[in-house]
Amino acid sequence: MALRAPALLDHLSALADTTRSRLLLLLERHELTVGELCATLQLPQSTVSRHLKALADSGWVTSRGEGTSNLYSMTKDGLDQPTRRLWQLVKDEVGSTQAAAQDQRRLQAALADRRTKSQEFFSSSAGQWDRVRAELFGDRFHLEALAALADPDWTLGDLGCGTGQLSAALAPFVAHIVAVDGSAAMLQSAKKRLHAFGNVDLRRGELESLPIDDGRLDAATLMLVLHHVPDPARALAEVSRAIRRGGTLLVVDMLPHDREHYRTQMGHVWLGFGEDQMRGLLEAAGFGKARIVPLAPEANAKGPALFVARAERT
């Protein structure tokens, strides 16, 4: 106890001033700026700053920078048990005063002012918010972030991986990716793109005869691939073999269209798939709980409309 006494006396000295105790009552539950504390306590900045320095020097408060401001909060994790008991005694005593009650009412007004400023920004920017956000962060960050919904323990099949764009997006979020494509040129491009990822295994093979063991995959994707396959039913049956029971398949492809020139220009075998057709193919291959949703076309997209189908290996 003798060893702890000087530190405890320092804490007592710091809390002896009622203003400092009122400050801690506010900072126990909220991060606040000096300006917000001045408005809440109705004290000048110099007085609040002086008391904050005394509390910081004795280990009661910490601060962090945010932009041009500092946010202050009460230190909690660093307080030992005797100091916590001391604070509880002071809190019970000061917290019941009229001054503390007035502080809490003014604090709510200060916090409401924060919300008002935010609401004013969105009210004035609602019509241009998409443009503002795209200028700041790009127009794809939210889609790329959705990859984090994947289970981190998954082994995922990127089937018909092409140049590896999808594998690159998913590799940071899953345990392992098996990326398969029938084109040596595509796999060479994918190898260059994916050289930094140690959890991506590139394999050459056809969808109708995948170089993957039975039940090896937790999930698989067919991203704009199925319309190139001569026998979609056989390909989906092969994908079903490679996915474990309860695993997930995600298919993105074109809805039915009449662009016959795609057959000769890009080697398309099928001019899209209707919802009933896709559902039938999935069920015949051993997939259930199929959900098929048309995707909203992008403004600058020139190709046919797309759909996404999600199904579970039964």
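The values are calculated or read from the model by the stated rules, or taken from the named source; none is laboratory data. If you're wondering where the values come from, they're calculated on a predicted model, not measured in any experiment. Virtual Cβ from ideal backbone geometry, glycine too; neighbours counted across all protein chains shown. Side chains are part of the model used for accessible areas, which takes the heavy atoms of the whole protein and leaves out ligands, DNA and RNA. Shrake-Rupley method; radii C 1.70, N 1.55, O 1.52, S 1.80 Å.
Of note:
- Test: residue in the range 263-275 that is free of Cβ contacts under 8 Å to residues at least 60 places away in the same chain, open to solvent by 10 Å² or more (accessible area, probe 1.4 Å), charged (D, E, K, R) and part of a loop (DSSP other than H, G, I, E, B): no
- Hey, Gln98 modelled with pLDDT of 85 or more, closer than 14 Å to Leu23 by Cβ and open to solvent by 50 Å² or more (accessible area, probe 1.4 Å) or not: no
- Residues in the range 277-314 that are closer than 15 Å to Ala237 by Cβ, assigned to a strand (DSSP E or B) and open to solvent by 80 Å² or more (accessible area, probe 1.4 Å): 0 in all.
- Residues in the range 11-35 that are closer than 16 Å to Ser96 by Cα, polar (S, T, N, Q) and open to solvent by 40 Å² or more (accessible area, probe 1.4 Å): 1 in all.
- Of all positions in the range 64-74, none carries a residue that is modelled with pLDDT under 90, surrounded by 11 or more Cβ atoms within 10 Å (Cβ to Cβ) and not in a strand (DSSP E or B).
- Scanning the range 259-273 for residues that are of a type in the set (A, V, I, L, M, F, W, C) and more than 37 Å from the chain's Cα centre (by Cα) returns a single hit, Val269.
- Considering the conditions (1) over 34 Å from the mean Cα position of the chain (by Cα); (2) under 17 Å from Leu15 (Cα atoms), Leu79 is excluded by exactly one of them, (1).
- When restricted to residues that are charged (D, E, K, R) and in contact with a Leu (Cβ under 9 Å, 6 or more places away or on another chain), the range 275-297 contains 1.
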